[in-house]
Amino acid sequence: MARGAAARDRRDALRLPRAVRPGGTIGIAAPAGAVDPDRLAAGEASLRSAGFEVRRREDLVARHGHLAGDDARRAAELTELVSDPSVDAIVCARGGYGSHRIMARLDAALFRRAAKPLVGYSDVTTLLLWQRRCAGLVGIHGPMLERESGMDPEGLVALVGILTGSGRRPHVLEGVMGEGGRAEGPIVGGNLATLVASLGTPWEIETEGSILVFEDVGERPYRIDRMLQQLLAAGKLEGLRGVGVGHLVDCEPAKQGYPSALDVILEVVSTLGVPVVAGLPTGHATPNLPWPFGVRATLDAREATLEILDPMVG
């Protein structure tokens with residue numbers, strides 16, 4: 001079977017991760033940037049306060065340049081957590097950069113068989129894209145263990161609800177403004193720069209018939225425009241059903257009077273003829289509310305909401 005046909009089969013048979021039992025064990029992975037021990041400890045305390053056991057390798061705080069240890073260490077750590085039957089879910093410690101470097105070392109079939117919730121955002125967008133495209137598995141775009149004071153309470157409560165299947169239904173993310181009408185489709189997206197970096201890879205983002213949700217940090221508006229133009233030229237904005245915009249942190253223009261990040265986004269999106277909701281609480285700010293990568297949702301521009309329609313764990 002050709003690689004493209006195989007990818008379509010896995011996508012069509014998209015699998016939900018297994019729900020986490022109360023008091024279950026969360027494994028911590030560091031697939032990307034080097035981890036600050038104090039922030040890690042604060043995040044672990046947050047997970048324990050939510051009733052989970054926590055497990056991690058001692059060398060998670062290793063450093064190889066700007067990375068959390070070399071590629072072999074980071075890939076082995078993630079593989080061990082996926083393989084370990086006593087670990088119920090995996091939460092990434094932080095993003096930064098580095099997930100892209102270990103993808104060829106990961107076994108998609110192993111991830112699919114284990115069907116464990118994998119949680120992260122930012123650079124972990126790469127892993128979420130890869131799981132959906134290559135393993136046919138839903139991941140969770142959500143908070144990590146990267147903040148000085150631990151995981152933000154609102155994001156943690158929502159994450160616990162998703163992991164255990166006990167969360168409030170419907171699961172709704174509320175934005176601050178919307179334009180257009182209402183759309184339904186599977187949610188895809190994540191960090192905008194990382195989405196663009198997926199082009200030309202085996203885990204390249206698939207957007208047709210989907211709601212694209214993205215966020216970013218530290219990118220000037222002209223760079224955001226350039227990334228959107230690249231997605232447009234690559235055909236990734238064709239066939240979209242809607243667009244959701246999350247936190248845009250430190251994305252101000254360099255000079256007064258220049259367009260804002262949201263200005264350039266709306267200029268591009270307005271040509272697509274689809275609903276758009278901005279100010280969704282996802283990304284590099286608080287709250288960073290979780291959402292399931294690949295699950296069907298409704299984007300309602302009139303209410304400025306993104307509502308999850310399907311179960312998020314199995």
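What follows draws every value from the coordinates through simple rules; no lab data is involved. Remember, it's a predicted structure, so these values are computed and weren't measured experimentally. Reconstructed Cβ throughout: ideal geometry from the backbone, glycine too, with neighbour counts over all protein chains shown.
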Checklist outcome for this item: For the pair residue 307 and residue 285, the simple spin-label estimate (label points 7 Å beyond Cα toward Cβ) gives in nm 2.5
Checklist entry - Between 23, 42, 143, whose Cα lies farthest towards the positive end of the dipole of the chain when Lys and Arg beta carbons carry +1 and Asp and Glu beta carbons carry -1, centred on the Cα centre? => result 23
Checklist entry - Most fluctuating residue of 153, 85, 275 in a GNM of the chain with Cα springs under 10 Å: which is it? => result 85
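First measure r as the distance between the Cβ atoms of residue 109 and residue 208, then evaluate 1/(1 + (r/R0)^6) with R0 = 25 Å and state the FRET efficiency to the nearest 0.05. Walk me through the numbers on the way to the answer.
Working: r = 25 Å, r/R0 = 1.01.
In this case the efficiency is close to 0.50.
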Checklist outcome for this item: The helix 37-49 Cα axis meets the longest alpha-carbon principal axis of the chain at an angle in degrees, between 0 and 90 and rounded to 10, of 90
Item to check | Rounded tilt (10° steps) of 153-164 against the dominant C-alpha axis of the chain | outcome: 70
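So for the stretch 171-308: antiparallel DSSP bridges make up what percent, rounded to the nearest 5? All intermediate terms of the calculation are to be shown ahead of the outcome.
Values: 16 of 29 bridges.
Of all bridge pairs located within the stretch 171-308, approximately 55 percent are antiparallel.
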Item to check | Length released on extending from residue 176 to residue 50, taking residue separation times 0.36 nm less the Cα-Cα span | outcome: 42.5 nm
Checklist entry - How many angstrom separate the Cα center of the stretch 93-150 from the Cα center of the stretch 248-270? => result 29
Checklist entry - So how many Å³ per residue does the convex hull of the Cα atoms of the stretch 204-314 work out to? => result 116
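Antiparallel as a % of all DSSP beta bridges within the chain, to the nearest 5? Don't skip to the end; give the middle numbers.
Numbers: 21 of 46 bridges.
If we restrict to bridges inside the chain, about 45 percent are antiparallel.
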Next on the checklist: If I take the Cα coordinates of the stretch 3-164 and project them onto the principal axes, what are the three extents in Å, biggest first?
Outcome noted: 45, 37, 25
Checklist outcome for this item: What helix-only [θ] at 222 nm does the chain give? Using -39500 (n - 2.57) per DSSP H run of at least 4, over all residues, to the nearest 500, the answer is -8500 deg cm²/dmol
Checklist entry - Using θ = phi - 60° and the Karplus form 6.51 cos²θ - 1.76 cosθ + 1.60, what ³J(HN,Hα) does each residue of the stretch 284-300 get, whole Hz, x for Gly and Pro? => result 7, 7, 10, x, 10, 7, x, 8, x, 7, x, 8, 6, 8, 10, 9, 10
Next on the checklist: Apply the Karplus curve 6.51 cos²θ - 1.76 cosθ + 1.60, θ = phi - 60°, to the phi angles in the stretch 188-201 and return the couplings in whole Hz, x for Gly and Pro.
Outcome noted: 9, x, x, 5, 4, 4, 6, 4, 5, 5, 7, 4, x, 9
Item to check | Amide proton proximity set for residue 27, modelled H, under 5 Å, gap of 5+ | outcome: 55, 88, 89, 90, 91
Checklist entry - Using Cα atoms only, what is the angle between the long axis of helix 71-83 and the major principal axis of the chain, expressed in degrees (0 to 90) to the nearest 10? => result 80
Checklist entry - Given R₀ = 30 Å, FRET efficiency for residue 157-residue 263 by Cβ-Cβ distance, to 0.05? => result 0.35
Item to check | Spin-label model distance (nm) - residue 229 vs residue 64, 7 Å beyond Cα toward Cβ | outcome: 3.7
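Using alpha carbons only, what's the Rg to Rh ratio of the chain with Rh from Kirkwood? List each step's numbers first, then the result.
Values: Rg = 18.2 Å, Rh = 19.3 Å.
Checking Rg against Rh, the ratio lands at 0.94.
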Item to check | Per-residue ³J(HN,Hα) for the stretch 175-180, Karplus 6.51 cos²θ - 1.76 cosθ + 1.60, θ = phi - 60°, Hz, x for Gly and Pro | outcome: x, 10, 7, x, 9, x
